[in-house]
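Worksheet: the structure to be examined is printed underneath.
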Amino acid sequence: MTTPSPVTVAEWRTFLNGYNARHITSDEVRKAIEEHRQVISEERLEAGWAGAEPAGEDAIVAAEERLGVRLPPSYRNFLRVSDGWENIGSVDLLQVGDIGWFADLCADLIEAWSDVDHFVDHLAVLKRCLLIGEDNGGSGCCWLLHADSVGGNGEWTAYEWWPGSGEDPEPCHDFAAMVREAAHP
């Protein structure tokens, strides 16, 4: 049976508490630390929580005003439980004050891929995506939310993209489904 995607603040709290309990003490994290690959900061390891303090409504609204969009419900509620997260799947989720338009934050990638003929349609999507997570410690994975694909429930299509792989961005139904899949591969 597939675990349902968390949407509400209470569902996110339950989901993240469970994931954190399994992950922060996992063999994967322990091995990374032994190999001096700090996938979760010492501060967060000592606190026993890979997340951050919750984002306040004022911070979320300020980001929405700065970006000119209303964030999808599952992502807003995630932020209300944890303003960012270290090492979920292969990415760190950014704090709400650090999210931004992919085309602005990663203009070099947009430029590099603009010469690839078969990628033109993907570029149009990427230019309207928010960068919400990245692996800046290695492989370059990006987690994105597409502002122009809003469902009836207010959720946006999410994408995971590994630019260095040469593969196309992988769509996911929404942010919550992407997190669920990353947490339960």
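The values are calculated or read from the model by the stated rules, or taken from the named source; none is laboratory data. Computed from a predicted structure; not experimentally measured. Positions of Cβ are backbone-derived with ideal geometry, glycine not excepted, and every protein chain shown enters the neighbour counts. Each accessible area value is taken on the protein alone, full model and side chains, heavy atoms only, with ligands, DNA and RNA left out. Shrake-Rupley method; radii C 1.70, N 1.55, O 1.52, S 1.80 Å.
Whole angstrom only: what separates the Cα centroid of the stretch 92-164 from the Cα centroid of the stretch 53-82?
Each part's Cα centre sits 18 Å from the other's.
Stretch Ser26-Asn153 to full length: gain in nm at 0.36 nm per residue minus the Cα-Cα span?
Using 0.36 nm per residue and subtracting the Cα-Cα distance, I get 42.3 nm.
Report the extension gain between Ile33 and Trp162 in nm, rounded to one decimal, defined as 0.36 nm multiplied by the number of residues separating them, less their alpha carbon distance.
44.0 nm
To the nearest 0.05, how large is the calculated FRET efficiency for Asn17 and Asp104 if R₀ is 45 Å and r is the Cβ-Cβ distance?
Rounded to the nearest 0.05, the efficiency is 0.85.
For the stretch 86-185, what proportion of DSSP beta bridges, expressed in % and rounded to the nearest 5, is antiparallel?
100 percent
Divide the volume of the convex hull of the Cα atoms of the stretch 83-185 by its number of residues and quote the answer in cubic angstrom per residue.
Dividing the Cα hull volume of the stretch 83-185 by its residues yields 103 Å³.
Can you give the helix-only mean residue ellipticity at 222 nm for the chain, where every DSSP H stretch with n ≥ 4 adds -39500 (n - 2.57) and the sum goes over all residues, rounded to the nearest 500 deg cm²/dmol?
That comes out to -11500 deg cm²/dmol.
How large is ³J(HN,Hα), in whole Hz, for each residue of the stretch 77-85 in order, when computed from phi with the Karplus curve 6.51 cos²θ - 1.76 cosθ + 1.60 and θ = phi - 60°, using x for Gly and Pro?
Per-residue couplings from phi come out as 5, 4, 4, 6, 9, 8, 7, x, 7 Hz.
Can you tell which of His146, Val61, Gly97 lies farthest toward the positive end of the dipole of the chain, using +1 and -1 charges on the Cβ of basic and acidic side chains (Lys, Arg; Asp, Glu)?
Final value for the positive-end residue is Val61.
Please calculate how many Å² of accessible area the chain carries per residue, with a 1.4 Å probe and no DNA, RNA or ligand atoms counted.
51 Å²
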